[in-house]
Amino acid sequence: MSALTRTWLLLALAPVALTAERFESGEPVMGTVARITLYASSAGEARAGFAAAFDRIRALDAELSDYRPDSELMRLCRRAGEAVKVSDDLFRVLQDAQRVARDTNGAFDVTLGPLVRLWRRTRLKGRLPAPAEIARARGLCGYRRMTLDGRRRTVRLESKGMLLDLGGIAKGYAAAEALGVLHARGLGRALVAIGGDLALGDAPPEKPGWRVEIEHLGKVMELANVCVSTSGDAVQFVEIGGVRYSHILDPRTGVGVRNQKAVTVIAPEGAIADALATAISVAGEGLVDRYAGARVAR
Ligand code: AMP
Ligand code: MG
């Protein structure tokens, strides 16, 4: 058979080989629900893909969660003062977090754990914390007090009582990682959504992209091979004395951002999209221009 005939044969067979069905699955994880949509040629292939992708998300939750005392993150927090060797995942997330922290002069800061915990209690009680409580928590925060060593892959927290919180960045990272797992299995036409953080792979068959509804803009966008993160959803806020405070903290005041607007960021990397969407509420939209390929959805 000549090379040309072979090519024609392949092309003739292609539509059959490419016939793909749409499959969907969801699982509660990371304090929200992870949903995956993918195109596969059989239910078995889809099932194996879902299992591998959800395994990856669960493994990341076990590393990055601040709710689980046994997570790698919380073990790191208990070893303040030491240079602790950490996993690739944790190191990469912390590296991205520190980049956004530097670019926002600490408006985005994953060392705000003590303030976030205080704010969580505030949201439950519906009463603002006393200034002394805020001052005490703030004394244990500050991204400059966390040192990363890229060569040794170690992280050092300066003082006891420091607490990391990756709530503003980990879901975007996990969504992109799960998509990578699917891609490696030949299931690149997939979408992973963890709460408001989406990682989109190749477009569905014969479509220009995935239809992403951006509620606060009243708009549907068709996108592929990009990550989309939305912050400031209507559910996550508390109202005290007629003022609406966000679950995103302004480190300057130690309390939630007031009257936060929803924002959606589109970026090539999941962790960056997630962190920027959170950071914009405190630092403004101009920030996004510093990140290649990132933009605010309008
Ligand atoms: P997101 O929903 O991605 O905007 O993330 C919000 C979460 O990020 C909060 O629930 C906190 O866990 C954490 N967070 C709050 N304020 C900040 C901040 N200024 N910088 C970094 N993380 C924050
Ligand atoms: Mg975020």
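The values are calculated or read from the model by the stated rules, or taken from the named source; none is laboratory data. All of these numbers come straight from a predicted model, not from anything done at the bench. We place every Cβ from the backbone using ideal geometry, glycine too, and count neighbours over all the protein chains shown.
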Going through Ala137, Ala97 one at a time, which residue ends up being within 15 Å of ligand 1 (Cβ to nearest atom), over 26 Å from Val192 (Cα atoms), among the small types (Gly, Ala, Ser) and surrounded by 13 or more Cβ atoms within 10 Å (Cβ to Cβ)? Ala137
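Which of the residues belonging to segment 254-298 are of a type in the set (Ser, Thr, Tyr) and either over 19 Å from the mean Cα position of the chain (by Cα) or more than 16 Å from ligand 2 (Cβ to nearest atom) (or both)?
Taking segment 254-298 and keeping what is of a type in the set (Ser, Thr, Tyr), we get 264, 278, 281, 291.
Those that are of a type in the set (Ser, Thr, Tyr) and either over 19 Å from the mean Cα position of the chain (by Cα) or more than 16 Å from ligand 2 (Cβ to nearest atom) (or both): none in segment 254-298.
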I'd like the full set of residues that are within 11 Å of ligand 1 (Cβ to nearest atom), in a loop (DSSP other than H, G, I, E, B) and of a type in the set (D, E, K, R), limited to segment 218-261. Asp233, Arg252
The helices (runs of 4 or more DSSP H) lying wholly within segment 73-142 that contain at least 3 residues that are out of contact with any Gly (no Cβ under 9 Å at 6 or more places or on another chain) and under 16 Å from Val155 (Cβ atoms) are 88-103
State all residues of segment 185-213 that are assigned to a loop (DSSP other than H, G, I, E, B) and within 16 Å of ligand 1 (Cβ to nearest atom); if no residue qualifies, say none. Gly195, Gly196
List pairs: first residue in segment 284-298 and of a type in the set (Val, Ile, Thr), second residue assigned to a helix (DSSP H, G or I) anywhere in the structure, Cβ distance under 6 angstrom, at least six positions apart or on different chains. Val288/Leu276; Val296/Glu285; Val296/Val288
Here is a list of conditions, (1) more than 20 Å from Leu217 (Cβ to Cβ); (2) within 12 Å of ligand 2 (Cβ to nearest atom); (3) not aromatic (Phe, Trp, Tyr), and Pro251 meets all of them except one; can you say which number that is? (2)
Kindly establish whether Lys171 is within 13 Å of ligand 1 (Cβ to nearest atom) and either within 13 Å of the chain's Cα centre (by Cα) or not acidic (Asp, Glu) (or both). yes
Can you find a residue that is more than 13 Å from ligand 1 (Cβ to nearest atom) and modelled with pLDDT of 95 or more anywhere in segment 268-280? yes
